[in-house]
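Taking it in order: structure first as structure tokens, then the write-up.
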Amino acid sequence: MIIKAIQRLFRIKPQVIVLGALIAVFCFGIYKAIYSPEVSFIFQNSKAKWISAPYALETFLHPIDHASTTSVSYQKEFFINEKPKRALFSVKAMRAFKLYVNDSEVPIDTEKDSNWKKEKRIEISSYLKSGNNAIVAEVQNPRGPALLCVQLDGSGFNLVTDRSWQASMAGVQAQAIIADATLAFPQAFLVNSTAYVFQMMCVTILQLFFISILVFFLFKWLIEREIIAAKSIPLVLLLSVSALWFLLFFKWLQISPDRGFDASDHIDYIGFILYRGTLPFADQGYEMFHPPLYYWMSASILKFIHKFLGLEGKIIWVRPIAFLSGLGNIWLTYFAAKKLFANDFRKRFFAVLTAGMIPMNLYLSAFITNEPLHTFLASLIVVIILYMLDKSQIQVVKILMLGTCVGLALLTKITIIIILPFVVYFTLYKAIALDKLATKKVIVLFVAFVISVLTVAGWYYVRNWIYIGKPVLVGISEETGWQFPGFRTLAYYLKFGHSILYPYFSGFVSFWDGLYSTFWGDGSMSGKASILDMFLNPWNYSYMAIVFILALPATIIMGYSIVKTTIVTFVKTIGSETLQLIFLWTIIWVVEIFFLYFSLERPAYSATKSFYGLLGIVPISVLSAYGFSAIDQFLVSKKLFIIHLIFVGWLGTLISAVYLSALL
């Protein structure tokens, strides 16, 4: 019965299954946002507004027991002509609260329902009097700002929370403000806008523009003279990008080890293994909840250099791991594009070009962090799946390779788990629906996959389970503190544009601005807490400002390509090529939904970072090639020659600015 049910499941089109799964997860996220008290999401009512104390936005982590930042007393004085017969007090408070009316505490039964999102209604007419009245609501929130939403309906009068309320926090009283999760971080305005920098560097931009056109003509001439074959252009580009990366690497060796996201904590993890000769448990340090592969490799390199080469084991010797991983992502994109676009050099060219110009892969590869290695392993998994989904039959050897890579990824970072169900599904679909393998052989392949994964990574999670009580411990920091804004609103997910002009710390302003600023630049100041860190970080922020403006058309083209490919596959016959495309867009949409869900679960400005989804670099680059190549091919016409040159000049200037921001 079970086998027959599984076989029927794999008769359904994979895009339908995937779409259904994504919609289900998306709806689950919406449900949690609306109803779960664990998710700090609020809806602003048209009448009664959620209000907040006028917090000063900060970037550091607030301890959960820090009462001065999580306890607010809201006061409102009002006048009524006579004592009302009825006065219904409706309240929602994030999270615990006490109510006082005319200095008398109103008893509130919170044991029946502790969900702060559910409105509590209390009859308070007996506490009111004719003349002046005062309401005080004390709100405490150990995981973010203390917010309040109140509506009082009485006989002949009405009262709601708005800016007329007073808020007292840590002994300081001020006018309350409407709770807003889209306030810009003030430090973002301490530097010139990207538009101003763009204007100041217009001569440099024009120079890059015309140099890009000259390079275009040079390669056009080389191809016409058959000095270089057109089909070899993608490989030439790949080798050129690789040369640039090696040039950058020598600069990265000079970067201070403390630069980067939680760099000192990553170094502590490496040091723990190096000096104690054992792996830490997940609760022994800020970053030690991460699986150990990257840190073990780093410690092994330092030990080898010191023991066998007699050199000082400086931490800079671990930089090649991130560097080679980041460069490896571009090479894997090349092989993925070669598989999908074997007869289309233009698409292969733009796939490599896209992967090579994504700044988040470039910048992150300069730091001491486990993210690039995890991304490389995820990209390797994607490429292995693409090769398995071709017309040849799935073999046990490929399954063992896949399982080993999944195990290594699980030993690097737990994030790989978000795409793991779809990796398994597409592998089984190929085996059952396309290869039509016998049930016994499918079971053998599945068991081989599971055994290879468990053999490589299972021991680590069993170890956690035995000593900590659970296999996975995610982010010690999220259990001990919170960051602003500390809550989310619908407006946070509907706004975009701030990051184009003021990109730094724009994760405060909106979800899309946070992603844009960290995809196309160092929008989160390399994980540091102040805008002043730009003078210590290894990037040229003037060239980066150019990128933020020029990247907008590229973002539109890439987004259009992904959406169009997703739609087109619904009308195509299911074969190896179509299945490969479905798999690629599945990874992208899974990552996007993960971003949305994670930003809800962790309502911190720093949670909205694109590099959490860097594992989608191969699918993004390959599918983006459809859009770029289509535009390029359309503009080949002699009538559109000038527009074609503008397109080439723009794209060349964008790529030049990306690399100059890292090189100069």
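The values are calculated or read from the model by the stated rules, or taken from the named source; none is laboratory data. Predicted, not measured: the structure shown is a model, and the values here were computed from it. Here Cβ is always computed from backbone atoms with ideal geometry, including for glycine, and neighbour counts include all displayed protein chains. Ligands, DNA and RNA are excluded from the accessible area calculation, which covers all protein heavy atoms including side chains. Shrake-Rupley method; radii C 1.70, N 1.55, O 1.52, S 1.80 Å.
Report every pair of residues separated by at least 6 positions or lying on different chains whose Cβ atoms are under 7 Å apart, first residue within segment 605-633 and over 25 Å from Ile213 (Cα atoms), second acidic (Asp, Glu). Between residues of segment 605-633 that are over 25 Å from Ile213 (Cα atoms) and residues that are acidic (Asp, Glu), the close pairs are Phe611/Glu371; Leu614/Glu371.
Residues in segment 556-602 that are β-branched (Val, Ile, Thr) and open to solvent by 60 Å² or more (accessible area, probe 1.4 Å): Ile556, Val563, Ile567, Val571, Thr573.
Looking at segment 492-589, what helices (runs of 4 or more DSSP H) fall wholly within it and have at least 2 residues that are hydroxyl-bearing (Ser, Thr, Tyr) and at negative phi? Break it down stepwise before answering.
Numbers: elements: 498-501, 511-519, 541-568.
Of the helices (runs of 4 or more DSSP H) lying wholly inside segment 492-589, those with at least 2 residues that are hydroxyl-bearing (Ser, Thr, Tyr) and at negative phi span 511-519, 541-568.
Picking from Ile443, Ile417, which residue would you name as being more than 31 Å from the chain's Cα centre (by Cα) and surrounded by fewer than 18 Cβ atoms within 10 Å (Cβ to Cβ)?
Numbers: Ile417 fails: more than 31 Å from the chain's Cα centre (by Cα).
Checking each option against the conditions leaves just Ile443.
Taken together, the residues in segment 302-357 that are of a type in the set (Lys, Arg) and within 24 Å of the chain's Cα centre (by Cα) amount to 1. The set of residues from segment 540-592 being closer than 26 Å to Ile417 by Cβ and polar (S, T, N, Q) comprises Thr565, Thr566, Thr569, Gln580, Thr586. Can you find even one residue in segment 224-241 that is exposed (fewer than 15 other Cβ atoms within 10 Å of the Cβ) and of a type in the set (Ser, Thr, Tyr)? Among the residues of segment 224-241, at least one is exposed (fewer than 15 other Cβ atoms within 10 Å of the Cβ) and of a type in the set (Ser, Thr, Tyr), which makes the answer yes. Of note, Asn115 satisfies the criterion of being of a type outside the set (Gly, Ala, Ser), outside any strand (DSSP E or B) and open to solvent by less than 30 Å² (accessible area, probe 1.4 Å).
Look at segment 158-175: where a residue is farther than 14 Å from Val139 by Cα and a partner is assigned to a loop (DSSP other than H, G, I, E, B) and polar (S, T, N, Q), sitting 6+ places away or on another chain with Cβ atoms under 9 Å, you get Val160/Asn45; Gln175/Ser164. For Asn464, the criteria (1) surrounded by fewer than 22 Cβ atoms within 10 Å (Cβ to Cβ); (2) of a type outside the set (A, V, I, L, M, F, W, C); (3) under 20 Å from the mean Cα position of the chain (by Cα) hold in every case but one, which is (3).
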